[in-house]
Amino acid sequence: MAKHDTEGEWIKGWPDRKRAMLVEGKDQQGRTILARSPALELEGLITPTDLSYIVAQLDMPEPIHPDDWSLSISGEVEKPLELSFRDLRNLPSRTVRAVTECAGNDAEFFSYLRDEGRRKPERFDERDFSEIAKELAKLGQNKGASMSMDIAIPTSGYASGGEFTGVSLRDVLKEVGLKPEAVAIRAQGFDTGKPDPMLVYLSAGRRDFKVEEPGLINYDKGLPVKKALDPDTILAWAHNGEMLQHVHGAPVRLVVPGWSGNWWVKWLEKLEVMNRMPDCYYQTQYFVMADSPDSPKREPCTALGVKSVITTPREGELTRGKHAIRGLAWGGEGGIVRVEVSTDGGASWREATIEEPREKWLWVRFYAPWEVEQPGRYSIMARATDEHGRLQPQIPWNFQRKHFDGIVPVEVEVK
Ligand SMILES: Nc1nc2c(c(=O)[nH]1)N[C@H]1C(S)=C(S)[C@@H](COP(=O)(O)O)O[C@H]1N2
Ligand SMILES: [Mo]
């Protein structure tokens, strides 16, 4: 039995398997502001809430009681509104199952695939956050110095599968009446803070360029009207069958299936309908796609690419005989219709089975049996195709290394 699968604690009187854990990072007040999910080590399709990843870009806000909360909707509308939690819950609800993936998930693999000789990142790395915090602090003290950003901060573990319940944003926008000049909905959270340019430098892996420092801001994003009117774009108050937790944006967050996590604005307090794209920091400075910081062509990161990740076997030694190649696949523009696997480093491919159920915005599980008798080194790969015929990978190298969807070989040695 592989090490990761051995027996763990005794749970309620029965020996249990080793339990997967969230790896958390806390602020000075002890609040969790960052957490990596063990989603790739789990079974099924829905990541338990307590094992879902967490990202807060600004300061973690104080929780607010739903009775003291309201959402204002203003701007290019016929009838501005202020909705209480109760008003919102009096509207028809909708449940959406979707993958939330941070734009920076697996970013290190971009560098790995590009630079030969670079250390391979670990998808199942359980390194302590306090160690990482120390490395980050060291970088922070060296602000201004020209230094290598080549440090091994784990970038994997920022994706989870969840079930979200709320009301379609479209239904709320119907209540207020969009004016024809509406272009974007600026969604604002009640969390505030000063964005640290270090995050942009870290994300780029270099610091020889200037990053705007906007000072104290609220987290906000300007969602284009077309995506805002997709019925699966919802204002969610529930997650995995329970009321939304504070760290995930309670009382109400935006859920934007297919688009990277940064669009899923947490702790919502305001929707402002705009007649132009707003100049949000997390849309024009951070979470942008361009091939270099100086490139005049900068697009906000939107839909995720097409991605598959092998969860078994893991890198290392394997016995001869029967094995199963398994993993998860998902995409930013809808359902996965095909997954292929290779055991010869991509020289030949064969079709994997996509396991049921298959849902448009959620990941699917794939399976391919593999019988191997010949000892030696094997390079196992998977690649997915979505319902629009988009084949993995879709996302080119970009300087902030966002939306990684590349094909990462798993190297095994059959003994
Ligand atoms: N208000 C607010 N919303 C936010 C953020 C934030 O810092 N503030 N972080 C975003 C980012 S970058 C991600 S990846 C997701 C993470 O959602 P989760 O913590 O529920 O997994 O929330 C997004 N929504
Ligand atoms: Mo993110």
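Here are the numbers for this structure:
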| read-out | value |
| --- | --- |
| Estimated inter-spin distance, A324 and E351, nm [label 7 Å along Cα→Cβ] | 2.0 nm |
| Projected area, mean over directions - region 260-327, Cα convex hull, nm² | 8.7 nm² |
| Cα lying deepest toward the dipole's positive end in the chain, options A184, A352, H246, charges on Cβ | A352 |
| Along the chain, longest interval not containing exposed chymotrypsin sites (Phe, Trp or Tyr not before Pro), exposed being DSSP loop plus at most 15 other Cβ atoms within 10 Å | 210-348 |
| Cubic angstrom per residue, convex hull over Cα atoms of the chain | 160 Å³ |
| Loop trypsin sites (Lys or Arg not before Pro), region 3-94, which have at most 11 other Cβ atoms in a 10 Å radius of their Cβ (DSSP) | K12, R19 |
| Cleavage-rule hits, trypsin sites (Lys or Arg not before Pro), region 314-370, DSSP coil, Cβ neighbours within 10 Å at most 14 | R320 |
| Spin-label proximity, K210 to region 251-288 - amide N less than 20 Å from point 7 Å beyond Cα toward beta carbon | 279-288 |
| GluC sites (Glu not before Pro) within region 315-415: DSSP coil, no more than 11 neighbouring Cβ in 10 Å | E373 |
| Pairwise Cα inverse-distance average, inverted: Kirkwood Rh of region 1-145 (Å) | 20.0 Å |
| Ascending count of other beta-carbon atoms within 10 Å, so fewest first, for S156, S37, S295 | S295, S156, S37 |
| Eligible aspartates and glutamates near K120 by straight Cα distance, threshold 18 Å, same-chain separation 8 or greater | D106, E108, D150, E315, E317, D405, E411, E413 |
| Only Lys, Arg (+1) and Asp, Glu (-1) charged, at Cβ; the chain dipole about Cα centre in debye | 420 debye |
| Theoretical ellipticity at 222 nm over the chain - DSSP helices of four or more residues, -39500 (n - 2.57) apiece, nearest 500 | -3000 deg cm²/dmol |
| For the chain, built as a Gaussian network whose Cα springs stay under 10 Å, the top-fluctuating residue of I73, I132, I380 | I132 |
| Largest-first principal axis extents, alpha carbons of region 62-204, Å | 58, 34, 34 |
| Beta bridges per DSSP with both ends in the chain, % antiparallel, nearest 5 | 90 percent |
| Kirkwood Rh (inverse of mean 1/r, distinct Cα pairs), region 151-250, angstrom | 16.8 Å |
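Every read-out reported here was derived from the displayed coordinates using simple, explicitly stated rules and does not represent laboratory data. Nothing here was measured: the structure is a model prediction, and the numbers come from that model. Note that we place each Cβ from the backbone using ideal geometry, even for glycine, and neighbour counts take in every protein chain shown.
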